[in-house]
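Data block below; observations after.
Derivation of every value follows stated rules applied to the coordinates shown; laboratory data play no part. These figures come from a predicted structure and were not determined experimentally. Positions of Cβ are generated from backbone atoms using ideal geometry, with glycine treated the same way; all protein chains shown enter the neighbour counts.
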Amino acid sequence: MTSLAVELAALVVEALNLEGVDPQQMDLAAPLFGSDGLGLDSLDLLEISLVVQQRYGVSLKADDPNNETIFASLQSLADHLGGMRAARAA
């Protein structure tokens, strides 16, 4: 797991006020949505998108056809952000 995924876990817990959730204990590969993971919903997705855009200066689009894959887990979001950073640096 990447340090970016761990950083995202802390950001999500803070942004969504997830009481009783320890970001250090989160399964970074677990689904963000549905009963198997954190159980987040579409409003949570919007909030996560907003704080990620503000924190990392990236553009996440609501109509991106890859959103289901991008937001599948904290690790997949971290992988996507890492790719975006690398593309910007090139």
For the chain, set up a Gaussian network in which alpha carbons nearer than 10 Å are linked by springs, and say which option among A30, A72, A62 fluctuates the most. A62
Mind checking the angle between helix 42-56 and the chain's longest principal axis? C-alpha axes, 0 to 90 degrees, to the nearest 10. 50 degrees
In nanometres, the difference between 0.36 nm per residue of separation and the alpha-carbon distance of A10 and N67 is 18.4 nm
Low-density loop cleavage sites - GluC sites (Glu not before Pro) in segment 1-32, where at most 12 other Cβ are within 10 Å (DSSP): E19
Over the chain: helical MRE at 222 nm, DSSP H runs n ≥ 4 each giving -39500 (n - 2.57), nearest 500: -16500 deg cm²/dmol
Who wins for biggest fluctuation among D44, D36, D27 in a Gaussian network model of the chain, springs between alpha carbons below 10 Å? D36
Work from the charge dipole of the chain (Cβ charges, +1 for Lys and Arg, -1 for Asp and Glu, about the Cα centre) and give the residue of L46, A89, L74 farthest towards its positive end. A89
Most mobile listed residue (G34, G57, G20) in the chain, GNM with C-alpha springs under 10 Å: G20
The chain: angle of helix 3-15 to the longest principal axis, Cα-based, in degrees nearest 10: 60 degrees
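List the chymotrypsin sites (Phe, Trp or Tyr not before Pro) in the chain that DSSP assigns to loop (not H, G, I, E or B) and whose Cβ has at most 13 other Cβ atoms within 10 Å. Which are they?
Taking the chain and a limit of 13 other Cβ atoms within 10 Å, no loop chymotrypsin sites (Phe, Trp or Tyr not before Pro) are found.
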Loop-only check: which trypsin sites (Lys or Arg not before Pro) in the chain are DSSP coil with at most 15 other Cβ within 10 angstrom? K61
